[in-house]
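Take a look at the structure set out below.
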Amino acid sequence: MIDAIDLARFQFAFVVSFHIIFPAFTIGLAFYLAVLEGLWLWKKEQRYLDLFKYWLKIFAVAFAMGVVSGIVMSYQFGTNWSVFSDKTGPVLGPLMGYEILSAFFLEAGFLGIMLFGLNKVGKKLHFFATLMVAFGTFFSAFWILSVNSWMHTPTGFDINATGQFIPLDWFEIIFNPSFPYRLIHMLMAAYLTTAFVVVSVGAFHLLKTNTSNTNSKTMISMGLWMIACIAPLQLIAGDFHGLNTLEYQPAKVAAMEGHYESKKGAPLILFGIPNDEEGRIDYEVSIPKLGSLILTHSLDGEIRGLNEWPRDERPPAEIIFWSFRLMVGIGLLMIAIGFASLWMRVKGILYSCRWYCRVLMFSGPIGFVAVIAGWVTTEVGRQPYTVYGLLKTVDSVAPIDALAVGLSLITFIITYFIIFGSGVFYIFKQFQIDPDQNEKFNNVLAERGGISYIVNALGRVKKTF
Amino acid sequence: MISIELIWAVILAFAIFAYIVLDGFDLGIGIIYPFLTKKVDRDMAMNSVAPIWDGNETWLILGGGGLFAAFPLAYSIILPALYAPLTAMLIGLILRGVAFEFRWKSKSKKNIWDQAFILGSIIATLMQGIALGAFIQGIDVEGRAYAGGWWDWLSPFSVFVGFSLISGYALLGSTWLIMKTEGDLKQLAIKLSKKFATIMLFAIFIVSVWTPLLNPEYFIKWFSWPFMLYALPVPLLVFLTSITLFYALKKQHNIKPFLMTVFLFLLSFIGFLISIFPHIVPPSIDIWGAASPEKSLKFLLVGVVIFLPVILIYTSYTYWVFRGKVKLDDFQH
Ligand code: HDD
Ligand code: HEM
Ligand code: HEM
């Protein structure tokens, strides 16, 4: 029998993983739109306005999905994690309250003007509205990541007689030790994710029409500058983030790295199959000493292995070992794509090299994959706790029947796949439209659906071989 | 007697009332949508709320988030107790929320997103009403947790409140349309408003008689001296307001019908507060027993004092930008 707690965990993981797909895209896209509109006001070039209008339509759809999936999130804590809510409410509630007041209202308040107001309020005010929406997404990330980070590295609190966490020092709570790293890493993740989508759509149209497509080229160029600058920084930020985690959650790092035994001068395990049952890695492929070098910055540094923790206090290495490698692998790929773009710019073949364009086109979704892999690493690595070291997941759950949770879970899964499936379909349909022809297509949407974006893309691959 | 807990109860009541009125009229548009048969009428109705619905729904998040922050114990008891209706409400809100964007993208004649918009609005409203009814009935508590079963919310009373709320939101929606449209559509909205006003007043009457019978404590507040004296103006004002409402509908006023409807909602809301105060989880937990420690309440109160006025200013600004009667061609993005 599956019990209520596993169902509740699965439901939370499902709805939050769906939710994060949209913020990961809209945080970046809101800023991209602000940059485009700013450039248009400043340089008065038509292409920036074209692109602004093009991406605004996509933003509207993605944002709507982010909002409705987010409302679900804000009720999950109470419906499914009520004990957690009772205990952490005094500390986390106000932070989420600040998120609502400073971010959600700001986004929602100016969204109407941003979407429908260009002819109503004048250019400058409209730009202001776009900026406000963009700031809103930033503030939202700021507060919710502060909340999440506090659950990983709780500080600045006390525990009262009823077992509630109560605040002692708000500054320590908000700027808890893992928060700055998580905020920077997540924001850059959102910018990278968006940049890859933008570049992918540009590359698709460049390949398709094969002419001097200025708008597509502008998209590719802007996105690739972003990628070339941010991808390497993301590696550095990730490294710092990992060191911070080593300090506060060493068990998580041991699971990420696949270390079961404590060792001086530990190797860097590239591949292998973690075996939690036996407490070892099967079929290990590794580079000697590198693990210690990366984590302790010394060849003989000691790394604690998972076997040092009692079994019921270990996170499941079998999941996070892989999710971590997936994220880092994609990160390295992004760096490579970024460097390649610099080299091609120097050579002057950025838009003419067809295989590179194809790589760009297909790497559109990799940001999303990395984001989800990263979150899985972080969240599963925190297990078996919700508030690290203090409140166990099993003790956080609401007293709800397994049957009720099971039914709600099935309902969520069905609705999400239909609704968000349709949304993604419409977004793909929009991608079909050439950004250089956007105005022409303003009202007549491409007849063929979003699937043909993929079919077209696959067709082009076949031609290559 | 004015304590910070009380201030927070007032803030929360304000957020919930703001939500009821604001999302009430755009959910109401969804409820009366089946009566709008022409495509242009539907486009108009949709456009009259498209720029603002997201802001309206944010008050719901503030209601939930405010409860979590200020009264975490109440949040952690009420939400599990209302698990099924709240989950269904969320599904309804998803269906209608995405319909705003999706319906422009689907070109087929029988637009399924119109259906999703209707269905979602009705589900969300019905479930909010059921949740409200179940809440008024009272929630079983043991220690610091919900102690009832997961069907407790279902009762004749809660279902009745659910359907009453549908008529109420429909009235808000149709009077909103009176304000925002002209010509045939406005006439249609007036006709609908008359119907729904009748149903809603009838529903208010039944709920007002039924509520005191649910719980002796409610009964004392409404029917014993001297409490009665405080409560009495409410039904009187309801009476006066409904007369004004029908008169304004007859005279085809633009704005008055909507304002009178809002006022009816306010009176019903006050009646509801009179019944449950000072409880936040009726019948056992009051606002002092459920509140966060003072330090949490104070910290977020600072935020409310700073942000709420600013929010009200820019929200009003958005309403002002989109003021007046809607026109079709304003809404392409
Ligand atoms: C504000 C808090 C918060 C935030 C921002 C996130 N999470 Fe989380 N997560 C939780 C708060 C939480 C939690 C309430 O604490 C859960 C529920 C059960 C649990 O163990 O922790 C959890 C569990 C949880 C699990 C299940 C882990 C397990 O049970 O083994 C996954 C896969 C994720 N989350 C994934 C995510 C993703 C993809 C996020 C990106 C948005 C995310 N989390 C953000
Ligand atoms: C699990 C915790 C989370 C909860 C409870 C939550 C809650 C919400 C809610 C209620 C909304 C809708 C707000 C509106 O109406 O505008 C929303 C949207 C949003 N959330 Fe989350 N969220 C969570 C995780 C995250 C994370 C981790 C991020 C980013 C780092 C994030 C960023 C955003 C952003 C930018 C929006 C704006 C809407 C959009 O993206 O389209 N959220 N969230
Ligand atoms: C390039 C090398 C990268 C390294 C070394 C790295 C490192 C890390 C580490 C150590 C964590 C876990 C933090 C914790 O302990 O909780 C993490 C989390 C995460 N990573 Fe990465 N990362 C890299 C690339 C990326 C990329 C390219 C993306 C997305 C585009 C990404 C998105 C995330 C996200 C969303 C999280 C969860 C949120 C957080 O805890 O910050 N990462 N990363």
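Observations on the model:
- Ranking B:LEU62, B:LEU36 from most to least accessible surface, computed with a 1.4 Å probe over the protein chains only, gives B:LEU62, B:LEU36.
- Nearest-10 value in Å² for the accessible area of A:THR378, using the 1.4 Å probe: 20 Å²
- With the Kirkwood sum run over all distinct C-alpha pairs, chain A has a hydrodynamic radius of 23.9 Å.
- Note: relative contact order over the stretch B:4-321, using C-alpha pairs below 8 Å and six or more positions apart, is 22 percent.
- Extension gain, B:LEU259 back to B:ILE243 (0.36 nm per residue minus Cα-Cα distance, nm): 4.5 nm
- Note on B:GLN252 and A:LEU390: the model spin-label points, each 7 Å out from Cα along the C-beta direction, lie 6.5 nm apart.
- 5 angstrom amide H check on B:TRP104, placed H, neighbours 5+ away: none
- Value in Å of the Kirkwood radius, where the stretch B:66-127 supplies the Cα pairs that are averaged: 13.0 Å
- Ordered from highest to lowest accessible area with the whole protein assembly present and a 1.4 Å probe, A:TYR351, B:TYR75 read as A:TYR351, B:TYR75.
- When nucleic acids and ligands are ignored and a 1.4 Å probe is applied, A:ARG354 ends up with an accessible area of around 90 Å².
- Computed 3J(HN,Hα) for the stretch B:282-299, one whole-Hz value per residue from the Karplus formula 6.51 cos²θ - 1.76 cosθ + 1.60 where θ = phi - 60°, is x, x, 10, 10, 9, 5, 6, x, 9, 6, 5, x, 3, 4, 5, 4, 5, 4, glycine and proline marked x.
- FRET efficiency, A:ASP6 to A:PHE271 (Cβ-Cβ, R0 30 Å, nearest 0.05): 0.55
- Projecting the Cα atoms of A:ILE173, B:PHE223, A:ILE414 onto the dipole axis of the protein assembly as shown, where Lys and Arg carry +1 and Asp and Glu carry -1 at the beta carbon, places A:ILE414 farthest toward the positive end.
- Rounded to whole numbers, the Karplus 3J(HN,Hα) couplings from phi for the stretch A:188-197 are 5, 4, 5, 5, 5, 4, 5, 4, 5, 5 Hz, using 6.51 cos²θ - 1.76 cosθ + 1.60 with θ = phi - 60°, and x at Gly and Pro.
- Solvent-accessible area per residue for the stretch B:171-246 (1.4 angstrom probe, square angstrom): 54 Å²
- Against the rule of thumb 2.2 N^0.38 Å, how large the Cα Rg of the stretch B:4-321 comes out: 1.01
- A crude spin-label estimate for the pair A:ASN119 and B:SER224, with each label 7 Å from Cα along the Cβ direction, gives 6.4 nm.
- Fully extending the segment from B:ILE274 to B:PHE14, taken as 0.36 nm per residue of separation minus the present Cα-Cα distance, adds 92.1 nm.
- Local net charge near A:THR155, Cβ-Cβ under 10 Å (Lys/Arg +1, Asp/Glu -1): -2
- Note on surface exposure: B:PHE196, A:PHE31 rank A:PHE31, B:PHE196 by accessible area, highest first, 1.4 Å probe.
- With each label modelled as a point 7 angstrom along the Cα→C-beta vector, the A:SER262-B:VAL209 pair spans 7.7 nm.
- Excluding ligands, DNA and RNA and using a 1.4 Å probe, chains A and B jointly bury around 6500 Å² of accessible surface, summed across both partners.
- Most mobile listed residue (B:LEU154, B:LEU264, B:LEU312) in chain B, GNM with C-alpha springs under 10 Å: B:LEU312
- More than 13 Å apart - percent of Cα-Cα pairs taken over the stretch B:239-280: 56 percent
- Heavy atoms of B:ASP184 accessible to a 1.4 Å probe, total area in Å² rounded to 10: 110 Å²
- Note on A:TRP42/A:PHE14: beta-carbon distance plugged into 1/(1 + (r/R0)^6) with R0 of 51 Å gives a FRET efficiency of 0.70.
The values are calculated or read from the model by the stated rules, or taken from the named source; none is laboratory data. It should be emphasised that the depicted structure is a prediction, and the values quoted were computed from it without experimental measurement. For neighbour counting, all protein chains shown are included, and Cβ atoms are generated from backbone atoms with ideal geometry for every residue, glycine included. Each accessible area value is taken on the protein alone, full model and side chains, heavy atoms only, with ligands, DNA and RNA left out. Shrake-Rupley method; radii C 1.70, N 1.55, O 1.52, S 1.80 Å.
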